[in-house]
Amino acid sequence: MSDNASANNWNEATGGTLTTLPVEAFDNILKNADFFEVYRLKGINNFWKDRIEYLMGLDWMKKKMYLMAEDTPAPTTKYNDGDDTLSTSFCIACGEVHDKSVFDSFHPVLRGLRDLDICFTVDESGILVVGLFDRNADDEIDVLAWYRSRAILRYLVSIGIKKLQDFSGNLFMQPACSGIRMKPQTYSDLRPYTRTVGGVLRAIAIQCYFYLELPNRILFQTLVEHYQQQNNSPTAAVAEAAVFREIGQLHHTLNAALFSNRMRTEYFQGLLRKFP
Ligand SMILES: [Zn+2]
């Protein structure tokens, strides 16, 4: 039974309509509804739709829907000093033990970032610090960063172009961060005013592109050999095509979703031409 059907059935059964309830009742439901539930409720009937659109103009609803920053600053990340082990856990990306509650404040469409090997912390000035790998890592770092970067791009693509575009202007987290810094900083600069879903994801994607673009001879061979081992030993040429075709396509999809097709990197375009 669709949502509309259940609303209509109820209207018929009660001999009245949902709209005869006082608006305060609707507002209370919406206050407690989950982020996606609010969008879903818009589809129930015109009254809900109108009411939600009206409420979208109010501050509390804007804050709830990641459209306006809450007044409180983003909480800073706590590193484990030995006496607080409950709220902290080991971070595989940076190799330290720290508070991971920052994920709870992420935009609902991005909650899956929690499952990836990517480090998010918030510094004292509210800057969101994003790291892709252990800063103490050795020569394996290129391979590791390559796989982690691909996993992140795969995740972003899995969200879907439309959702990424729809929520691009929303705040990345709530309370909002004051900006974003990539770690290690050598590869990317501080973006002090970037705090929207689109802005933060663009910064992350650019960092991922950097690592994916690296393939030196050793990394290249490793990627191809890994693929052969995991896929019943196809020829090196087949493995190469499969690995790099996917990378070209991930970039192509995200170029449309996050960069309005303005991100034209020769390396990735070359991959698309070589492995159509
Ligand atoms: Zn970390």
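The values are calculated or read from the model by the stated rules, or taken from the named source; none is laboratory data. The structure presented is a predicted model; accordingly, all values stated were derived computationally and were not measured. Counting neighbours? That spans all protein chains shown, and the Cβs are built from the backbone with ideal geometry, glycine included.
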Qualifying positions in segment 86-110 - out of contact with any strand residue (DSSP E or B) (no Cβ under 6 Å at 6 or more places or on another chain), modelled with pLDDT under 90 and either of a type in the set (Phe, Trp, Tyr) or crowded, with 16+ Cβ neighbours inside 10 Å (or both): GLU96
Strands (runs of 3 or more DSSP E) within segment 111-186 that include 2 or more residues modelled with pLDDT under 90, more than 16 Å from the ligand (Cβ to nearest atom) and surrounded by 13 or more Cβ atoms within 10 Å (Cβ to Cβ): none
Sole residue being among the aromatic types (Phe, Trp, Tyr) and under 28 Å from THR194 (Cα atoms), chosen from TRP48, TRP60: TRP60
Residues of segment 194-249 satisfying the condition of being surrounded by fewer than 19 Cβ atoms within 10 Å (Cβ to Cβ), acidic (Asp, Glu) and over 26 Å from the mean Cα position of the chain (by Cα): GLU225
Filtered residues of segment 199-254 (kept if small (Gly, Ala, Ser) and without any contact (Cβ under 8 Å) to a residue 12 or more places away in the chain): SER233, ALA237
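Matching residues to (1) modelled with pLDDT of 90 or more; (2) assigned to a helix (DSSP H, G or I); (3) more than 16 Å from the ligand (Cβ to nearest atom); (4) at negative phi:
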{"position": "GLY43", "(1), (2), (3), (4)": "no, no, yes, yes"}
{"position": "PHE47", "(1), (2), (3), (4)": "no, yes, yes, yes"}
{"position": "LYS62", "(1), (2), (3), (4)": "yes, yes, yes, yes"}
{"position": "GLU70", "(1), (2), (3), (4)": "yes, no, yes, yes"}
{"position": "ASP81", "(1), (2), (3), (4)": "no, no, no, yes"}
Yes/no for THR77 being free of Cβ contacts under 8 Å to residues at least 60 places away in the same chain, assigned to a loop (DSSP other than H, G, I, E, B) and within 16 Å of the ligand (Cβ to nearest atom): yes
Number of positions in segment 104-131 that are of a type in the set (Gly, Ala, Ser) and over 13 Å from the mean Cα position of the chain (by Cα): 3
Elements of type helices (runs of 4 or more DSSP H) in segment 195-276, at least 3 residues being at pLDDT 90 or above and within 30 Å of PRO175 (Cα to Cα): 197-212, 236-259
Hits in segment 43-69 - residues which are in contact with a helix residue (DSSP H, G or I) (Cβ under 7 Å, 6 or more places away or on another chain) and either buried (at least 16 other Cβ atoms within 10 Å of the Cβ) or among the aromatic types (Phe, Trp, Tyr) (or both): ILE44, ASN45, PHE47, TRP48, ARG51, ILE52, LEU55, MET61, MET65, MET68
